[in-house]
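Quick notes on the structure that follows.
The values are calculated or read from the model by the stated rules, or taken from the named source; none is laboratory data. Predicted model, so just to flag it, every value in this text is computed and none were measured. Cβ placement follows ideal geometry from the backbone for every residue including glycine, while neighbour counts extend to all protein chains displayed. To get the accessible areas, we keep the full protein, side chains included, count just its heavy atoms, and leave off ligands, DNA and RNA. Shrake-Rupley method; radii C 1.70, N 1.55, O 1.52, S 1.80 Å.
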Amino acid sequence: MGKLNVDVFSDLKDIFQISGNILGVIVYGKDKNKSAKLDLPYQYVQMQNVEKNIYEVWFTDETVEYKQYGNCVEGKSLHYCFRAVEENDSEGEHSENAEKAYRNILQEFDFNVFRVVRFWNYIPGINEYGEYDEHYKEFCVGRERAFYNFYKENGEVYPAATGIGSNGKDLCIVLLAVHIDASRYSIENPRQIPAYEYPTKFGISSPKFSRATFVQYKKNKILFVSGTASIIGSSSVYTGDVKKQLYTTIENVNLLFCKENLHRYSVLSNDNDMNLRYIKVYIKCWEDYQKIRAICERNFDKNKIIYMQSDVCRQELLVEIEGVWS
């Protein structure tokens with residue numbers, strides 16, 4: 001089984017210096033109309049504030065084939081699968097648009113061969129009120145309807161995921177899957193209620209994701225940390241205080257993959273045998289950028305941090321972090 005790799009670039013030409021075969025790319029920028037078009041699977045995500053375009057590139061040493069299913073693009077090797085889809089979310093009901101997007105990205109997906117380990121969901125107007133509820137809550141309704149056949153009926157566990165705001169009109173979804181030969185563990189935070197068990201005050205359909213997914217194949221390991229914020233139990237804490245929210249978020253991230261927590265899931269790992277590949281820091285109010293950057297750089301390698309402005313899934317949350325370690 002080949003190795004799964006990820007790298008992040010700010011210059012498009014650097015992508016083609018990669019020693020490997022590209023599965024797919026997530027591009028983050030402010031203006032979709034000015035983005036470079038790539039001849040490989042990619043998803044452009046329009047954000048409120050990004051200094052320059054950011055290219056998150058997933059690649060492998062295996063041979064990769066490219067296909068398209070309607071508006072879903074795919075890069076697939078023997079052991080890995082990258083898919084991306086977008087759905088115009090400016091018309092119709094948000095829940096219906098989310099269900100349609102998920103059914104599109106999962107069409108002809110063979111759960112007998114692959115297991116999804118990561119979803120990214122970029123949701124325009126995530127905090128706005130939609131047809132009957134907040135946009136994110138309506139999105140969760142549509143996602144749950146689409147997931148029913150793929151997860152509940154098959155006894156699957158929910159993978160790591162991020163649900164974050166974006167600009168523009170398009171709901172953008174990306175998935176990453178690995179072959180069933182790899183060992184996969186869904187990891188929860190001991191001081192948080194699993195998101196899929198949230199009470200109904202947070203929406204009639206709870207968010208369907210795990211706090212992290214740990215994947216191991218032979219000596220290769222990779223940990224996907226979901227979008228993580230200042231939540232204890234199921235409640236947001238330190239409303240209005242971005243520094244305390246950030247410290248709580250970092251503590252939540254660290255708790256996920258400390259040795260004691262991984263051992264709860266029968267994952268054997270030394271404290272220092274995985275290195276940070278990147279973290280993405282989503283900032284609600286850009287005037288908090290300098291304060292957030294100073295704290296993040298004291299806790300993470302500053303060369304591995306990506307900052308973007310976007311709304312978070314709850315109005316009161318000011319910052320969210322996701323990351324990959326391997």
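A few comments on the model shown:
- Among the GluC sites (Glu not before Pro) found in the stretch 15-80, those both in a DSSP coil and sparsely packed, with 16 or fewer other Cβ atoms within 10 Å of their Cβ, are 51.
- Centre-to-centre, using Cα atoms only, the stretch 34-52 and the stretch 173-201 are separated by 27 Å.
- Between the stretch 91-134 and the stretch 305-323, the Cα center-to-center distance that results, in Å: 19 Å
- For the peptides 217-228, 162-173, the ranking by mean Cβ contacts within 10 Å, running from highest to lowest, is 162-173, 217-228.
- Alpha carbon convex hull of the stretch 106-205, projected area averaged over orientations, nm²: 7.5 nm²
- Of the trypsin sites (Lys or Arg not before Pro) in the stretch 1-102, those whose Cβ has at most 10 other Cβ within 10 Å and which sit in DSSP loop: 37, 52
- Rounded to whole Å, sorted largest first: equivalent-ellipsoid semi-axes of the chain, Cα gyration tensor: 25, 23, 22
- Here the Karplus relation 6.51 cos²θ - 1.76 cosθ + 1.60, evaluated at θ = phi - 60°, turns the backbone of the stretch 255-262 into coupling constants of 5, 4, 10, 5, 4, 5, 6, 4 Hz, with x for every Gly and Pro.
- Net charge of neighbours whose Cβ lies under 14 Å from the Cβ of residue 299, counting Lys and Arg as +1 and Asp and Glu as -1: +3
- This model, with +1 at the C-beta of Lys and Arg and -1 at the C-beta of Asp and Glu, gives the stretch 117-218 a dipole about its Cα centre of some 360 debye.
- For residue 234, residues with placed amide H under 5 Å, excluding near neighbours: 193
- By the Stokes-Einstein formula, at 0.890 mPa s and 25 °C, the stretch 65-129 with its Kirkwood radius over alpha-carbon pairs has D equal to 186 µm²/s.
- Two-decimal log10 I(q)/I(0) for the stretch 174-309, as the Debye equation yields it once each C-alpha is a single scatterer, q = 0.15, 0.21, 0.22 Å⁻¹: -0.84, -1.44, -1.49
- Accessible area of the stretch 116-246 belonging to carbon and sulfur atoms, whole % at 1.4 Å probe: 48 percent
- Neighbour net charge for residue 191 - beta-carbon separation under 12 angstrom, K R +1, D E -1: -1
- Here, P(r) means the percent of Cα pairs in each 5 Å bin from 0 to the largest distance; for the stretch 1-53 it is 4, 17, 29, 26, 14, 7, 2, 1.
- Cβ-based net charge around residue 6, under 9 Å, with every Lys or Arg adding one and every Asp or Glu removing one: -1
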